[in-house]
Amino acid sequence: MKLSRIWPGLVVLALLLAGLEAAVNAGLIRRALMPAPSAIAPVLWGLLESGEVLEPLFATLRLVFAGFAIGSVLGIAVGLAMGWFPAAFRLLEPLVELLRPIPKAALVPALMLFLGIGETMKITSVSLAVLFPVLVNTLQGVRGVDRVMLDAARTHGWGPAHTLLHLVLPAALPFILAGMRISLGLALVLAVLAEMLTGQGGLGFLILDMQRSFLIRQMYAWLVILAVVGLALNGLFLFVERRALHWQPALRP
Amino acid sequence: QNLTKLRVSVIPVLDVAPLHAAIREGYFAAEGIEIDTSTTTGGATGLPGLIAGQFQVTFSNTVSILLGVREGLDFRFVSGASRGAMTPPDIFAVMAKKGSGIRSGKDLEGKRIASNTRNNIVWLRGMAWVEKTGGDWHRVTTVEVPFPQMADALAGGRIDAAILSEPFVAGALATHGDTLERIGWPISETAPGGTNAQYVAMKDELNAHGEVFDRFGRALHRGVDWVNARLTDPVLLELIAGFSRVPIERLRQVALPAYPKGVTPGELDDLLVSMKHFGMTGTYPATSSLIFRTAAV
Amino acid sequence: MDFLELNAVTKDFPSRSGPPARVMDGVSLAVRQGEFMAVLGPSGCGKSTLLQMAAGLLPVSAGEVRIAGRRISAPPPEAVYVFQQYTRSLLPWRNVRDNVGFAVEHRLGRRRARDVAEVQLGQVGLAGFGDHFPWQLSGGMQQRVAIARALAAEPAMLLMDEPFSAVDALTRLDLQALILDIWTRRQLTVLLVTHDVEEAITLADRIAVLTQRPASVAQLLEVGIARPRDPVTTRELPRFLQLRHQLLNTLLARHEA
Amino acid sequence: MDFLELNAVTKDFPSRSGPPARVMDGVSLAVRQGEFMAVLGPSGCGKSTLLQMAAGLLPVSAGEVRIAGRRISAPPPEAVYVFQQYTRSLLPWRNVRDNVGFAVEHRLGRRRARDVAEVQLGQVGLAGFGDHFPWQLSGGMQQRVAIARALAAEPAMLLMDEPFSAVDALTRLDLQALILDIWTRRQLTVLLVTHDVEEAITLADRIAVLTQRPASVAQLLEVGIARPRDPVTTRELPRFLQLRHQLLNTLLARHEA
Amino acid sequence: MRLSARPSSGVVLVACLLLLWEVSARLDWMHTPNWPPLTDVLVALAHDTLTGELPLLVGGTLWRMAAGLAAGGAAGVVVGMLFATLPMTARLFGPMVELVRPIPIPAVIPPLVLFLGLDNTMKVTVVALTVFFPVLTNTMQGVAAVEADTLAMGRTFGIGPLRRALRITLPAVLPYILAGFRVSLALALVVAVVAEMIAGEQGIGHYLVMMQFAGRAPEIYATVLVLAVLGYGLNRAFLVMEHRTIHWWFAMGRQADG
Ligand SMILES: Nc1ncnc2c1ncn2[C@@H]1O[C@H](COP(=O)(O)OP(=O)(O)OP(=O)(O)O)[C@@H](O)[C@H]1O
Ligand SMILES: Nc1ncnc2c1ncn2[C@@H]1O[C@H](COP(=O)(O)OP(=O)(O)OP(=O)(O)O)[C@@H](O)[C@H]1O
Ligand SMILES: [Mg+2]
Ligand SMILES: [Mg+2]
């Protein structure tokens, strides 16, 4: 995005912060609930400058990336299998449909039981959150591959494996990536939630811990960091997606 | 008859038995008060709810209350709620796996101990026990594990020790008695009869409607009397089972706290010393200024 | 010699409720080696179905399809199908060169497929467009890519399902000339399905007219116009006008009915 | 009397980088009351742009458009535009009756719009199809619905942008006959953009041929074939063949260049 | 996706897994009371359903979810239409939206509690916030996908802008909006439950945490079952509703996603 396109939004954002500042200073909002932005900014700066931000940030990011990678790979693999092989679809569909709607947060106790309280549990719960949207989207993408394209491959003598790899996978890629983008957001949510439930570091733990200790300014500072992280992750993904899907109508130069 | 409504934030633990007794026995109604309890499962939302005006009274562990006070929040104690016993059994216990060789804080150095959260009363008492039994608390890693999962985590070897509170102590012994054991009594070994939890309200509310809180205190304290008179009576356990949903057979194994009516500056000062020692430094106001008249008994 | 034979081919489609729907009933048709045959018929009569069965893309319900004397049940190496919808049959994520290479890369590998592709692109007048993506080309150019892809497989027979119906009238004339040229040079056998009576007469040696569903062969006409034929001037010949009149009246009558 | 006048119309489209692109340069064209005029031209030369400006859907950059003597800047009540792609111009969530009624319901209300719709559907041979949804009809029928909708507005002029290019060749002949019939009965003024030279000759009184971009009028031909014209036999007349030859050569030459 | 009436291999697989659950718990493979047999779970489920406790809690959760869905969805549609039709509004408020969007909901709950308390207001807001973004995105996408020709068609018949927005744009965008809602539906349930787990004495989420505190494993898993079935049923019901509302969309051969 060019600067000229985003400056109006930045102005609104600045105005909003200024309004908040004024409201807090005028006593319209209780400082105990919402400190003035000018009071949060130094805390935020302190976290950044001292490098204190790095360790929890990396803890959360590691969790997000590990869970995201595992969940995506699994989701794509199972989705491709279910979409391409009717037998796999019949076998797995009811299970998927039943597991899919369970709030992953509700599974955390069961996961703790089977996987303990460490990284494994957290990564698993993140992976689970990532798995289903990717799976469902992949499945839909595979089933949506144009019949004409598939027939073209057949009339040119392509075998099933070659077709799966060189036709079905790229054709389904827009769907797969859309699912992955949704999942990336969910991965962050679940990572934060898992950290809140079994805190030993990470942004989620810190936000909850700051709140419990009534360090409200610190809490907001970490929240801002979290928002920026989310924004950056999404931006990064969009960038990758644009590269991978340069041929899609909406993305054509 | 027009009842004054009070919304009280509670946690489904043994400590709030007097409040429920007072409700059930009609002591609040007799004072013209209708109590609406809101059960949350951690102090984390109770105190913020109090600040935000959602509740008039909040039950919370003392450490969290004092941390809020440190940050300039005007919490005032309106009644005592629970204290540890002078001698075992405590309402807290440090547990470890049988045959693990862990018996003291010294043994825990370089190991992992579970607490439900950091920087609350359970953790504070646990760390005090570590130090008292010869360990350097800086060298013990605290892992946050929700109470319900602690016994499994301990039995599964995922942590080396855990600080549990009742009724989870009884629960852990009932289900994992063959593998787990109690190795410490964090309150009676470090601060016998030490404070545990209180009821607080906001200063402004108290200034504006002090009379309502007088009535609240009177009714609550009648509940305390009711409970204290039945510490060995099955009806108390039935009451607790009713609001906490803990099976009654488990409650029979549980150690109950002491139910005081008041809060003393002394117990708070003792706690503050301990809090500052374990890293919760800062400036706290004089504790006597924090106690509302209903708790000054 | 007959290169493609359909012998008493019947096709039923299963229907949700009720008995299967019969789309084609005992159709027999033979295309000679090197012949250019066109198929005309009312909309929905089963032209595409017929062509797909000839290509081995769709199983027959009864009867048989033979190509070069062999009975087929899967797409045979001799025949390649050219789809009506070029936008759907080209892979948008591949550039033009790799789209053409598509036809052979599973046999020759990507590197050699690219070389083959370059040659074929030259043949359809698209030399130098290898690096473009399909969506960067006009409709006519895209259909040329599809034709180049089909030719890359070096088929003995082309099966084309309304290959020009989605391009504009002028581009269509271009492509017709291209197909005629390639057909002459390569001595291909061609079976072309079309809606366009003029197109059928301009291009084909013989024209098969199908009946309404369930389809059977209503007429089989010899065009008998000398080659080479120019897409513009051929249409002014008396024989052309006569055939056109005859075919249109047959089709329109059926169409109305 | 001239019903539609384009006087020295110029059209520039703003371009991202560099100066605006000139698509049309001082085009003047007049369509007489009750006349049927066709516009031919190479792809991308600006035919649709011209038609949209005549319909008041697109502002001119310079010059003026007059309808019935009035200078227009928004869609005038006298003229209705018929779109090429029926799939996009019909509303899939409305049945056929309500699609046709759409043209007038903002003026007459839903009830009376339905009555109007029924009448118009009868006129295009779709009586009894009011309860169908557009996607339940064939392409030709859908385009008829679009025409019925245009007629419901009772325009004095129809502006049609390749209205038959998305339907098959036989259906196209049907629709051509329909349009000729309606044009005669209603004494409409028609401006038709098409790619199809045969179609232009069969239907129009005069044919305007546009040049490559920036478009200007290259030729303006009087067709001079007697009416009524039959879509099948007209194409066998010498005058038809001569005009066809002439137009194709002009267009193909331009096309090649 | 359609669950076939015949017991397919998939149904058999699910049954086998459930059986494995029962057996593993009965034989205490996990060495813990926190892994109760399926039958115990079903008994607990039946009991708390018959006492009326669970239905009441589920009702409460659903109510909050529906309110949040309606509020957040309506806001998403309105803002989405606004952003898409008046680009300036998107430029002004877009960055703000983009900054709020990625904040994980569990992280927003603590500060929201400070402003909105613990009750319905907070929970409905949290759900609404979750629903808002997918609906917004989809609405914008939908408006962008409305064919220019369709709108021009309205103009050629002399139909004014408001009527065009209401009679052309809105119905055309409806499939996209509904798709956004369907994605949101699952999220809304999750978030409603999470909010209940974190704060306030309400709903199925609170029940879940209560039972965790009381160490009642069968009730915990009963809740998980209820949520699974609830999620499944809601999705199913939504699909049916969607097919009724935009039958034309499906009739035109578009695939349902998700
Ligand atoms: N998979 C299918 N299931 C059921 N009926 C089908 C199927 N495919 C095609 N049909 C029917 O078979 C008939 C012939 O279809 P086909 O596509 O071969 O017609 P066509 O002659 O190519 O038509 P067009 O000229 O419109 O392309 C049609 O009536 C169609 O409805
Ligand atoms: N909004 C626009 N911005 C820039 N250029 C445009 C725009 N709309 C059309 N053009 C250009 O104007 C020229 C004329 O377009 P127009 O659609 O009128 O052509 P046409 O003669 O109708 O073509 P076709 O026969 O393919 O329908 C084209 O070269 C096109 O690229
Ligand atoms: Mg066909
Ligand atoms: Mg055009």
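The values are calculated or read from the model by the stated rules, or taken from the named source; none is laboratory data. As the structure is a prediction and not an experimental result, all values here were calculated from the model. Cβ sites come from the backbone with ideal geometry, for glycine too, and all protein chains shown count toward neighbours. The accessibility values were calculated without ligands, DNA or RNA, using every heavy atom of the protein model including side chains. Shrake-Rupley method; radii C 1.70, N 1.55, O 1.52, S 1.80 Å.
Taking segment D:22-55 as the range and being near ligand 2 (Cβ under 6 Å from one of its atoms) and open to solvent by 30 Å² or more (accessible area, probe 1.4 Å) as the test, the residues that pass are D:S43, D:G44, D:S48.
To keep it simple, each residue is scored yes or no on (1) more than 16 Å from ligand 4 (Cβ to nearest atom); (2) modelled with pLDDT under 90; (3) outside the structural domain of C:L192 (by TED's automatic domain parsing).
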site: C:R16; (1), (2), (3): yes, yes, no
site: C:E35; (1), (2), (3): yes, no, no
site: C:A38; (1), (2), (3): yes, no, no
site: C:G44; (1), (2), (3): yes, yes, no
site: C:V65; (1), (2), (3): yes, no, no
site: C:R88; (1), (2), (3): yes, yes, yes
site: C:F102; (1), (2), (3): yes, yes, yes
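Going through (1) within 11 Å of another protein chain (Cβ to nearest Cβ); (2) open to solvent by less than 10 Å² (accessible area, probe 1.4 Å); (3) more than 18 Å from the chain's Cα centre (by Cα); (4) not β-branched (V, I, T) one by one, B:D36 falls short only on (2). In this entry, B:R218 is excluded by the filter for residues that are under 20 Å from B:I102 (Cα atoms), away from chain A (no Cβ under 14 Å) and open to solvent by 10 Å² or more (accessible area, probe 1.4 Å).
Taken over segment A:84-119, the criterion of being farther than 16 Å from E:L227 by Cα and surrounded by 23 or more Cβ atoms within 10 Å (Cβ to Cβ) is satisfied by A:M112, A:I117.
D:Q136 satisfies every condition listed in (1) more than 16 Å from ligand 2 (Cβ to nearest atom); (2) under 28 Å from D:A54 (Cα atoms) except (2). Taking the listed residues D:V65, D:V80, the one that is of a type in the set (V, I, T) and more than 9 Å from chain E (Cβ to nearest Cβ) is D:V65, with no other qualifying.
Only residues that are under 15 Å from the mean Cα position of the chain (by Cα), more than 14 Å from chain A (Cβ to nearest Cβ) and among the β-branched types (V, I, T): list them for segment B:158-202, please. Those that are under 15 Å from the mean Cα position of the chain (by Cα), more than 14 Å from chain A (Cβ to nearest Cβ) and among the β-branched types (V, I, T): B:I163, B:V169, B:I187, B:T195. Counting only helices (runs of 4 or more DSSP H) that fall entirely inside segment C:124-203 and contain at least 2 residues that are open to solvent by 30 Å² or more (accessible area, probe 1.4 Å) and of a type in the set (K, R), the qualifying elements are C:169-186. Of all residue pairs spaced 6 or more apart or on separate chains, those with beta-carbon atoms under 7 Å, a first member in segment D:167-187 that is away from chain C (no Cβ under 14 Å) and a second member that is surrounded by fewer than 19 Cβ atoms within 10 Å (Cβ to Cβ) and at pLDDT 90 or above are D:Q187/D:G34. Just to be sure, is C:L121 away from every other protein chain (no Cβ under 12 Å), at pLDDT 90 or above, out of contact with any Cys (no Cβ under 6 Å at 6 or more places or on another chain) and part of a helix (DSSP H, G or I)? Judged against the criteria, C:L121 is a match. Each residue in segment B:119-134 was checked for being in a loop (DSSP other than H, G, I, E, B) and surrounded by fewer than 21 Cβ atoms within 10 Å (Cβ to Cβ), and 3 pass.
So in segment E:119-158, with the set limited to residues that are of a type in the set (D, E, K, R) and in contact (Cβ under 8 Å) with a residue 60 or more places away in the chain, which one is nearest to the other protein chains (Cβ to nearest Cβ)?
Narrowing segment E:119-158 to residues of a type in the set (D, E, K, R): E:119, E:123, E:147, E:149, E:155.
Narrowing the set further to residues that are in contact (Cβ under 8 Å) with a residue 60 or more places away in the chain leaves E:119, E:123.
Details: E:D119: 7, E:K123: 12 Å.
Checking each candidate, the answer is E:D119.
In the set E:V23, E:V14, E:V113, E:V79, only one residue is at pLDDT 80 or above, within 25 Å of the chain's Cα centre (by Cα) and more than 7 Å from chain A (Cβ to nearest Cβ); that residue is E:V79.
Of the residues in segment C:124-136, at least one is free of Cβ contacts under 8 Å to residues at least 12 places away in the same chain and within 11 Å of chain A (Cβ to nearest Cβ). Test E:V193 against the stated conditions and say whether it is more than 29 Å from B:T175 (Cβ to Cβ), in a helix (DSSP H, G or I), among the β-branched types (V, I, T) and in contact (Cβ under 8 Å) with a residue 24 or more places away in the chain. Against the criterion (more than 29 Å from B:T175 (Cβ to Cβ), in a helix (DSSP H, G or I), among the β-branched types (V, I, T) and in contact (Cβ under 8 Å) with a residue 24 or more places away in the chain), E:V193 does not qualify. Residues that are within 16 Å of ligand 1 (Cβ to nearest atom) and either among the basic types (K, R) or more than 13 Å from every other protein chain (Cβ to nearest Cβ) (or both) within segment C:192-209 comprise C:L192, C:I207, C:A208, listed in sequence order. Count of segment C:212-228 residues, restricted to those that are over 19 Å from the mean Cα position of the chain (by Cα) and assigned to a loop (DSSP other than H, G, I, E, B), is 8. Within segment D:210-230, being within 14 Å of chain C (Cβ to nearest Cβ) and buried (at least 23 other Cβ atoms within 10 Å of the Cβ) holds for one residue alone: D:L210. Residue check: D:Q52 meets all listed conditions (1) within 16 Å of ligand 4 (Cβ to nearest atom); (2) more than 12 Å from the chain's Cα centre (by Cα) but one, namely (2).
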